[in-house]
Amino acid sequence: MKLLLVIELDNTLVGNNRAIAALNQRLEAIRNQMYLVYITGRSYASSHRVITQAQLLKPDYLIASVGTEIYQQGVLLENDWANQISKDWDWDAVWTIASYFSALIPQPDSEQTPYKLSFWLDMDASLEVIHDLEDLLAFTGLQTQVVFSNGRDVDIIPKNSNKGKATAYLQQLLQGQSDTTVICGGSGNDISLFQQPSAGIIVANAQTELLWWYYKTHYPWHFLAHYPGAAGILEGLIYFNILPFPNRWRWATPHHR
């Protein structure tokens, strides 16, 4: 059975081109033994630019927009996943409610999708805004969830969707198992990913929200890497025996003095 390797883009994979090149080389050696999946809060267009600019391997699947869209080699898997997440979802009503909060600054139209509304939290605003937003959405009966990450990003998505649920759906679609899935993440909105019962690699440069959750739960099937970014993913894949330990793998990692 093929390995399902799920890697978050921002705060996890991209950043160190030398480490990315080393990871690409190692993954190429087992490319026909795995499904490579990138996952991100970005829109498809933004994700595609990152994949191209960072010279990443071409993925088999891309989970975009905080888990609300799933693409297979650039083609949107529309019907089944959309049907699952669209129940009781009302984009216009959610936008109206979010507009009540002046502390929520809309992100560009390119980041607004049929199943995701994206905002920035004003830097001077209290985090209580997030709780008030959640309470008002719940009071109105809208089936939503609010995902806060990066200390500023606020995404409102259907209750039935997030990165973890999208990964579970893809796992089911590919008839994969938890013990043949490896999750790699570093963002606050990756918590739902690590709630899946699969091996997980958390890179050393992970955001505070995810690190706090990791230390609170401390599941034994999660590995906190010593290295950031792609080097941390490589370290974790060696730890989980997905890749053999090479004698010279450390050349790609940052130098510490």
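Some notes on this structure:
- Using 0.36 nm per residue and subtracting the Cα-Cα separation, the extra length available between GLN175 and PHE240 on full extension is 21.3 nm.
- The fraction of accessible area contributed by carbon and sulfur in the chain is 50 percent, rounded to a whole number (1.4 Å probe; ligands and nucleic acids excluded).
- Taking all protein chains together and rolling a 1.4 Å probe, HIS48 ends up with roughly 100 Å² accessible.
- Each part reduced to its alpha carbon centroid, the stretch 45-83 and the stretch 182-212 end up 19 Å apart.
- The chain - percent relative contact order, Cα under 8 Å, separation 6 or more: 22 percent
- The mean accessible area for residues of the chain, using a 1.4 Å probe and ignoring ligands and nucleic acids, is 49 Å² per residue.
- Residues of the stretch 189-223 with amide N under 15 Å of a point placed 7 Å along Cα→Cβ from GLU134: 189-192, 209-210, 213
- Under the convention that each Lys and Arg Cβ holds +1 and each Asp and Glu Cβ holds -1, the size of the dipole of the chain around its Cα centre is about 1380 debye.
- Highest-fluctuation residue, ILE85, ILE201, ILE63 considered, GNM on the chain with Cα pairs under 10 Å: ILE85
- Backbone N under 17 Å from the LYS58 label point (7 Å along Cα→Cβ), restricted to the stretch 73-104: 73-76
- Semi-axes of the equivalent ellipsoid of the chain are 31, 20, 16 Å, computed as sqrt(5λ) over the eigenvalues of the C-alpha gyration tensor in descending order.
- FRET efficiency for LEU127 and ALA29, using Cβ-Cβ distance with R0 set to 45 Å, rounded to 0.05: 0.50
The values are calculated or read from the model by the stated rules, or taken from the named source; none is laboratory data. For clarity, every value in this text was computed on a predicted model and none was experimentally measured. Reconstructed Cβ throughout: ideal geometry from the backbone, glycine too, with neighbour counts over all protein chains shown. Quick note on the areas: whole protein, heavy atoms, side chains included, nothing else; ligands and nucleic acids left out. Shrake-Rupley method; radii C 1.70, N 1.55, O 1.52, S 1.80 Å.
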